[in-house]
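A.B. asks: One structure is given below, represented as C-alpha cells, and several questions about it will come after.
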Amino acid sequence: MKILHVITSLHTGGAETLLVNIIPRLTALGHKVDIAVFNGAYTPLMERLEKESPECKIYKLGHSYYNPLYIVRLIGIMRKYDIVHTHNSSPQLFVAIANIICGKKLVTTEHSTNNRKREQGGILRLLDRWMYSRYHHVICISEIAEKTLKDYLGRRKYNICTINNGVDVQKFHDAYPIVALKTNKFSIVMVAGFREAKDQDTVIKALSLLPKEQYELWLVGDGVRRSELENLIHELSLQDSVKLMGVRTDVPNILQTADVVVMSSHWEGLSLSNIEGMAVGKPFVASDVNGLRDVTDGYGILFPHEDAEALAKIIQHLHDDKKYYQEIADRCYERAKQFDIKKMIDAYAHVYEKI
C-alpha cells in the first residue's frame, strides 16, 4: 500500500517521535510510506528519519502550522496514495477538507485526552464532529483517550479503537549510560517539550525541597515555556542544580544515566516518555493524571497532580531505600515490555488492511 502520514512538524514530541519510529517498520512490511509536514523546519527528528528511512519522501508544505493554503497542496499530494493518516488538529481538519475532492481512505491518530478546542466547545465541537465523521478509522493511543474522545463527540457512532503507543523496549534497556553526565548527585530526569500540557514546574519545585548537595534535575526538551521555567529556576536559586539539556537525540542514553525518571503533566494521551522511562529499568514517577495513571499505576509511583512536596518525598524515599528503589525499577521494566512497538505496528498494519 501507498501510505501518506500528515503531521504539523517534526519538532520533538510524542506524536512526532511515534511517527519517526513507525515509518521504517511499516516500510519493512512492504508498504510505501511518505510524510507531509506543515512546518518543514529541519529538526533532529527529521534528520533521524532521513537516515533511517532514506526511501521516505518528505513533503515540506511551509513554515507555519495553520495555513489554509496547505489544503490545496494536500489535494495534489494525497492523490498519489491509497491511505492518508493524520496526526494533530490542523492536519486532521485540512486533510478532511481536502478529501472532499480526493476521496481517499482516511485514518487519524488521537494522541491526547484534551486540547484547547475541546475546552472551548460550541461551534468547534460541531466542526470536530463533522471532521471525525470523514475518517474511516480513528485510532486512540490509550483507552482513556478513546473514552474522552467518545464523551466529547457524543452519541453519534464513529469507527474508533485503541492501539496503545509502543517503543523499542530493547533499545532503551540496552542503551549505554553517558559517563560524562554522571556526578555524585542523585539525578532526576524529565524528557518532555516545554509546552502547556507538561508540568516541569512541579519537578523544579520538588527539587527545591531537597538538599542541593545531594540531588540534581535534568530537563530534556525545549519549547515556548522555556523562559518561564528559567525564571522559576532563578527564583528558587537552583541554577547549579538544574540542567536544561535542550533537544537531544541520545535520550535512551540519558535515561540510562539518570537515577530516577519523572513525568509531570497536566494531561496526556499515552506518553511515550512514560514507556521509555520504564524501559530503561529505572524507577518511574508520574503525576496522577489521565494517560500517565493508566500505564504507571501498580508498577511505577504516582504523585498527586502539582504536589511538589509529595514528589520530593517519593524521590527521597527512592534515594534512601535501595531495596525499594530496585523493586520499583524491576516492576517498571516488566510493565514496559507490555508496550513493545512490534505490537503497535502489527495493529496499525491490520487497520490499513481492513479499510
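A.B. asks: So if I take the alpha carbon set of region 124-213, get Rg, then get Rh from the Kirkwood formula, what is the Rg over Rh ratio?
C.D. replies: Numbers: Rg = 20.5 Å, Rh = 17.7 Å.
Reported Rg/Rh (Cα atoms, Kirkwood Rh): 1.16.
A.B. asks: Per-residue counts of other Cβ atoms within 10 Å, averaged by peptide: what ranking do you get for 44-53, 186-195, highest first? Show your work: numbers first, answer last.
C.D. replies: Working: 44-53: 16.1, 186-195: 22.1.
Order by mean packing, descending: 186-195, 44-53.
A.B. asks: Hey, another quick one. Can you tell which of L124, S241, V295 lies farthest toward the positive end of the dipole of the chain, using +1 and -1 charges on the Cβ of basic and acidic side chains (Lys, Arg; Asp, Glu)?
C.D. replies: After comparing all options, I get L124.
A.B. asks: Moving to a separate point now. With an 8 Å cut-off on Cα pairs and a minimum separation of 6 or more residues, tell me the relative contact order of the chain in percent. Intermediate results must be reported in sequence, preceding the final value.
C.D. replies: Details: 700 pairs, mean separation 55.0, N = 355.
Computed over the chain, the figure is 15 percent.
A.B. asks: Quick check: Cα centre of region 35-72 to Cα centre of region 303-321, how many Å?
C.D. replies: Going from one Cα centre to the other spans 40 Å.
A.B. asks: Same structure, new question: Please arrange Y42, Y325 by accessible surface area, largest first, computed with a 1.4 Å probe and ligands excluded.
C.D. replies: Ranking Y42, Y325 by accessible area, largest first, yields Y42, Y325.
A.B. asks: While we're on this one: Multiply the residue gap between I97 and K322 by 0.36 nm, knock off their C-alpha separation, and tell me the result in nm, one decimal place.
C.D. replies: Working: separation 225, 0.36 × 225 = 81.00 nm, distance 5.60 nm.
Difference between extended and current length: 75.4 nm.
A.B. asks: Right, here's the next one. Using 1/(1 + (r/R0)^6) with R0 = 35 angstrom and r between the beta carbons of H305 and R79, what's the FRET efficiency to the nearest 0.05?
C.D. replies: My answer for the efficiency is 0.15.
A.B. asks: Let me ask something additional. Tell me, what is the per residue accessible area of the chain in Å², probe radius 1.4 Å?
C.D. replies: On the way: 15130 Å² over 355 residues.
The answer is 43 Å² per residue.
A.B. asks: Which percent of the accessible area of the chain is formed by carbon and sulfur heavy atoms (probe 1.4 angstrom)? Working shown, then result.
C.D. replies: On the way: 7740 of 15130 Å².
On the chain, the fraction of accessible area on carbon and sulfur atoms equals 51 percent.
A.B. asks: Could I ask something else about it? Only four residue types carry charge here, +1 at the Cβ of Lys and Arg and -1 at the Cβ of Asp and Glu. Report the dipole size of region 165-218 about the Cα centre in Debye, rounded to the nearest 20.
C.D. replies: Numbers: 7 positive and 7 negative charges, 23 e Å.
So the magnitude is around 120 debye.
A.B. asks: For E55, put the label point 7 Å out on the Cα→Cβ axis and report which residues of region 81-104 keep their amide N under 15 Å from it.
C.D. replies: No residues fall inside that zone.
A.B. asks: So, with +1 on the Cβ of K and R and -1 on the Cβ of D and E, and no other charges, what is the size of the charge dipole of the chain about its Cα centre, to the nearest 20 debye? Write down the numbers at each step before the final one.
C.D. replies: On the way: 45 positive and 43 negative charges, 353 e Å.
My answer is approximately 1700 debye.
A.B. asks: May I ask which residue of I58, T27, V72 lies farthest towards the positive end of the charge dipole of region 1-85, with charges of +1 (Lys, Arg) and -1 (Asp, Glu) on Cβ and the Cα centre as origin?
C.D. replies: After comparing all options, I get V72.
A.B. asks: Which order do T12, T162, T296 take when ranked by solvent-accessible area (1.4 Å probe, heavy atoms of all protein chains), largest first?
C.D. replies: Working: T12 70, T162 45, T296 0 Å².
Ranked list, largest accessible area first: T12, T162, T296.
A.B. asks: Taking +1 at the Cβ of each Lys and Arg and -1 at the Cβ of each Asp and Glu, which of F38, I83, L207 sits farthest along the dipole of the chain towards its positive end, judged by Cα position relative to the Cα centre?
C.D. replies: I83
A.B. asks: Please list 3J(HN,Hα) in residue order for region 179-187, calculated via the Karplus relation 6.51 cos²θ - 1.76 cosθ + 1.60 where θ = phi - 60°; whole Hz, with x for glycine and proline.
C.D. replies: With the stated coefficients, region 179-187 comes to 4, 5, 7, 6, 10, 7, 8, 6, 9 Hz.
A.B. asks: Sticking with this structure for a sec: Which of rounded, prolate or oblate describes region 187-318 when judged by the alpha-carbon gyration tensor and an a/c cut-off of 1.5?
C.D. replies: Details: a/c = 1.29, a/b = 1.21, b/c = 1.07.
Rounded.
A.B. asks: Under a point-charge model restricted to the Cβ atoms of Lys and Arg (+1) and Asp and Glu (-1), what is the dipole moment magnitude of region 274-329 relative to its Cα centre, in debye to the nearest 20? The partial results should precede the final answer.
C.D. replies: Details: 5 positive and 10 negative charges, 50 e Å.
Here region 274-329 has a charge dipole of around 240 debye.
A.B. asks: FRET efficiency for K157 and V72, Cβ-Cβ distance as r, R0 = 25 Å, nearest 0.05? Show your work: numbers first, answer last.
C.D. replies: Details: r = 32 Å, r/R0 = 1.27.
That gives a FRET efficiency of 0.20.
The values are calculated or read from the model by the stated rules, or taken from the named source; none is laboratory data. Given the structure is predicted, the values throughout are model-derived calculations rather than measurements. Note that we place each Cβ from the backbone using ideal geometry, even for glycine, and neighbour counts take in every protein chain shown. Accessible surface is based on the protein model in full, side chains and every heavy atom, while ligands, DNA and RNA are left aside. Shrake-Rupley method; radii C 1.70, N 1.55, O 1.52, S 1.80 Å.
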